1. Using only the alpha-carbon atoms, what does chain A span along each of its principal axes? Please give whole angstrom values in decreasing order.
2. Can you pull the mean other chain C-beta count within 10 Å for peptide C:31-38?
3. At residue A:179, label 7 Å along Cα→Cβ: distances to the other copies, nm, ascending?
4. Gain in length, residue A:130 to residue A:81, computed as 0.36 nm per residue apart minus the alpha-carbon separation, to one decimal in nm?
5. Read phi for every residue in segment A:186-194 and hand back ³J(HN,Hα) as whole Hz from Karplus 6.51 cos²θ - 1.76 cosθ + 1.60, θ = phi - 60°, with x for Gly and Pro.
6. Using the 7 Å Cα-to-Cβ label point, sort the distances from residue B:55 to its equivalents in the other copies shortest first and give them in nm to one decimal.
7. Select the chain C residue whose beta carbon lies nearest to the rotation axis carrying chain C onto chain B, and write the distance in whole Å.
8. Kindly flag which residue pairs out of D:28/D:83; A:57/B:47; A:57/B:28; A:28/B:47 have an alpha-carbon separation exceeding 25 Å in this structure.
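A short reminder: the numbers here are calculations on the coordinates, not readings from a lab. Fair warning: this is a prediction, and the values are worked out from it, not measured in the lab. Positions of Cβ are generated from backbone atoms using ideal geometry, with glycine treated the same way; all protein chains shown enter the neighbour counts.
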4 protein chains.
Amino acid sequence: MTEKRRRRVPRQVREQQMIDVAIRVFAKRGYHAASVDEIADLAGVSKPMVYLYLDSKENLFVACVRRESQRLAGAFQQAAREKASPDERLRAGLAAFFGFVHEHRDSWVVLHRQASELSERIAAEVSAARRMVMAEVAGLVRDGIAESPNPARLGEDDADFVAHALVGAADSLTDWLENHPDESPERVTLRLMNMAWVGMRNVLGGEVWASPASAKR
Amino acid sequence: MTEKRRRRVPRQVREQQMIDVAIRVFAKRGYHAASVDEIADLAGVSKPMVYLYLDSKENLFVACVRRESQRLAGAFQQAAREKASPDERLRAGLAAFFGFVHEHRDSWVVLHRQASELSERIAAEVSAARRMVMAEVAGLVRDGIAESPNPARLGEDDADFVAHALVGAADSLTDWLENHPDESPERVTLRLMNMAWVGMRNVLGGEVWASPASAKR
Amino acid sequence: MTEKRRRRVPRQVREQQMIDVAIRVFAKRGYHAASVDEIADLAGVSKPMVYLYLDSKENLFVACVRRESQRLAGAFQQAAREKASPDERLRAGLAAFFGFVHEHRDSWVVLHRQASELSERIAAEVSAARRMVMAEVAGLVRDGIAESPNPARLGEDDADFVAHALVGAADSLTDWLENHPDESPERVTLRLMNMAWVGMRNVLGGEVWASPASAKR
Amino acid sequence: MTEKRRRRVPRQVREQQMIDVAIRVFAKRGYHAASVDEIADLAGVSKPMVYLYLDSKENLFVACVRRESQRLAGAFQQAAREKASPDERLRAGLAAFFGFVHEHRDSWVVLHRQASELSERIAAEVSAARRMVMAEVAGLVRDGIAESPNPARLGEDDADFVAHALVGAADSLTDWLENHPDESPERVTLRLMNMAWVGMRNVLGGEVWASPASAKR
DNA sequence: TATGAATGAGCCTTCATTCAT
DNA sequence: AATGAATGAAGGCTCATTCAT
């Protein structure tokens with residue numbers, strides 16, 4: 001145990017402390033390798049407390065996933081809400097996403113990278129959280145497409161495609177961000193917008209990529 | 001054990017069988033949840049054989065990672081080698097990537113998604129494999145940039161940035177591919193090229209994204 | 001907790017409530033599987049109350065055993081007291097026994113079936129209760145024997161033997177009773193009296209069982 | 001662990017050793033209080049061996065119940081088979097029962113006294129074993145009744161009633177036997193036959209118990 | 001080349017019990 | 001009179017790993 005004298009703490013507070021710690025530990029070790037012992041220890045309580053409040057390791061993990069996915073979605077929506085144009089909303093949403101993932105690495109790891117080692121129930125919960133995030137992005141993309149010069153050319157699936165690409169890119173770029181301390185989430189967002197969104201607009205405008213070979217024809 | 005009569009099989013063959021099975025099991029269950037018992041069982045041998053040939057679970061996992069990362073890199077290089085223009089090389093490389101990841105889901109999962117539940121030694125190995133893949137893509141991107149109208153504007157880091165974005169997008173799009181049986185790795189590649197590469201060329205050409213607001217000024 | 005608002009309740013009442021519930025729970029789950037948590041819950045109090053009033057799980061169990069064994073003995077004695085002849089007393093006693101065991105299954109289970117999973121102290125307490133019951137029956141049997149035509153032929157031990165047989169039979173017949181809703185404790189008593197007591201009288205009168213083979217000689 | 005050097009022992013043997021020990025421990029402590037640790041220890045193996053061979057505590061218990069109930073039934077049937085008359089068969093059966101229960105106290109405890117603390121699955125298994133024993137006895141009783149002077153007066157249920165009474169009495173008398181070292185299972189059987197069977201025959205013959213009061217009328 | 005037998009260590013979970021209010 | 005917060009201890013189960021053959 002961390003050597004602080006444990007004081008009596010009301011349930012609601014303790015519960016959040018436990019989840020805080022759990023996120024860190026799950027992120028660091030992965031679901032299976034994480035031990036409830038360690039979580040209890042770092043939270044400054046004994047193991048039975050964890051079970052008293054959170055019922056089981058599985059449930060504890062689900063609690064982490066739920067809380068963080070809602071936080072992420074919240075950040076996302078709040079950022080997007082304030083903007084007027086779809087372009088700006090997408091940018092703000094992506095920035096919020098980057099910001100959250102950058103600020104809360106552990107949460108994102110718990111939400112995203114806990115691939116396959118999970119029981120079906122948990123996997124479902126994680127999938128749901130993932131889908132929620134994806135849906136937010138896809139919504140923004142759809143709006144952006146709708147305002148483009150040529151909206152008819154792209155449909156539901158295309159928004160989804162772009163959303164997947166953006167989220168995947170963003171996820172991967174978080175690693176990149178870590179190695180580039182001079183960059184900020186905002187700048188990364190701009191770069192990504194330039195790379196992806198400008199491309200998209202051009203595609204919507206009719207320009208398509210073609211191999212140089214065929215281009216010469 | 002699977003009910004085949006085990007015949008005496010030379011070491012090299014058995015070893016590969018074990019790795020084949022191990023990749024499947026590691027992908028399905030995750031590193032920790034995977035049990036050597038199950039791997040030995042599915043490989044049709046007894047556990048001591050696994051230890052005799054692969055020394056430890058950790059080592060077995062490393063063997064999986066090494067073999068598959070080399071296969072992926074191989075596919076990548078071979079695809080790129082045949083093409084002349086940087087554009088085409090990049091497309092071919094991405095297509096090879098998609099093809100591999102699509103064909104060998106398990107391998108990719110082992111290479112990529114086994115996020116954090118690994119010991120430091122293994123994590124290092126996986127990171128190395130990941131960096132290798134990233135370096136291949138970054139190389140192609142760099143070549144593409146070099147041939148662009150305005151190469152000076154982008155540097156080493158930008159290639160890396162784009163590579164991260166592309167690999168991340170590609171990874172995420174693999175999930176998308178799974179839900180769209182009508183699509184093929186090739187078509188996804190094209191879509192991604194359109195979305196990302198066209199954008200990049202335009203950026204290189206000087207066009208940048210600006211919020212509609214600032215655009216109006 | 002059961003959702004009643006707990007009002008301040010005087011100790012004596014609460015204590016009995018707890019024992020009431022405890023008997024049910026101990027009977028249903030067995031000593032070890034019963035949890036103080038569940039008992040407190042069903043009694044509508046918090047766990048510390050249980051410990052305040054009953055000191056320990058062991059003690060709580062002993063309290064149950066004591067109360068119920070006294071109830072059983074009481075029922076027994078009262079039933080027997082009213083009758084004049086030993087025969088009638090035995091019948092009335094057995095009937096009381098059946099009545100109690102049938103009416104208070106849980107109590108009987110706690111008194112009788114909690115075989116061996118108990119600490120020495122508790123086991124002793126249960127044994128004592130059991131012996132008390134047995135002694136009551138043996139007393140009645142002894143009286144009956146004393147009035148028989150040939151009392152000298154049977155002694156102390158024989159009363160004990162018969163008492164054991166009767167109590168064992170009665171216990172087992174309680175199960176039988178459960179599957180025969182048309183029967184009543186009174187009718188079962190009569191049947192048992194017929195089967196056992198008539199036999200006894202005959203034995204006392206000199207008739208003994210002999211294998212048919214030897215009978216033919 | 002018992003300080004014998006554990007030697008490699010073939011599975012079949014070890015399995016039986018484990019069950020042997022398990023019966024002792026389950027009988028002594030009850031299902032819940034028994035710990036797999038103790039069983040493994042006394043069997044001279046480590047806990048994982050127990051799980052390797054018997055899968056779970058529950059399963060281990062079921063294995064005990066199955067093996068012993070079959071042994072008991074076997075003893076029963078073999079004893080009864082050799083005799084010609086129903087009377088003799090019943091006596092031999094009861095004697096076998098007493099003999100078994102006396103010789104294998106632990107087995108009988110496991111079969112009979114593990115009242116309620118068991119999961120549904122186990123309870124079912126124990127019930128089945130109990131019913132099997134009861135059915136054997138009821139069969140013998142039925143045969144005896146069939147040869148009685150007045151078979152028509154008693155039916156299916158009566159055999160069952162008597163069987164319950166006999167088994168219950170026998171069970172209870174086992175305790176009595178323990179305190180009377182001069183007695184033997186055979187003698188107890190005779191006594192019980194005298195007490196119960198003679199009574200039954202008389203009942204079948206028309207004699208019934210009546211309270212002395214009513215008798216005098 | 002191959003395996004049946006065996007275990008130390010660790011993890012999830014639960015329970016009886018107490019402390020501070 | 002009453003309870004929410006908290007824990008030491010133990011138990012069931014599994015796993016990576018080895019030994020002897």
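1. Projected onto the principal axes, the Cα atoms of chain A cover 74, 34, 32 Å.
2. Working: counts 5, 7, 8, 3, 0, 0, 0, 0.
Across C:31-38, the average partner-chain Cβ count within 10 Å equals 3.
3. Values, ascending and in nm: 3.1, 7.6, 8.5.
4. Details: separation 49, 0.36 × 49 = 17.64 nm, distance 2.06 nm.
Computed gain between residue A:130 and residue A:81 is 15.6 nm.
5. For segment A:186-194, the Karplus curve yields 5, 5, 4, 4, 4, 4, 5, 4, 4 Hz.
6. 3.9, 4.5, 6.3
7. C:33, 15
8. Numbers: D:28/D:83 36 Å; A:57/B:47 30 Å; A:57/B:28 20 Å; A:28/B:47 30 Å.
Listed pairs above 25 Å: D:28/D:83; A:57/B:47; A:28/B:47.
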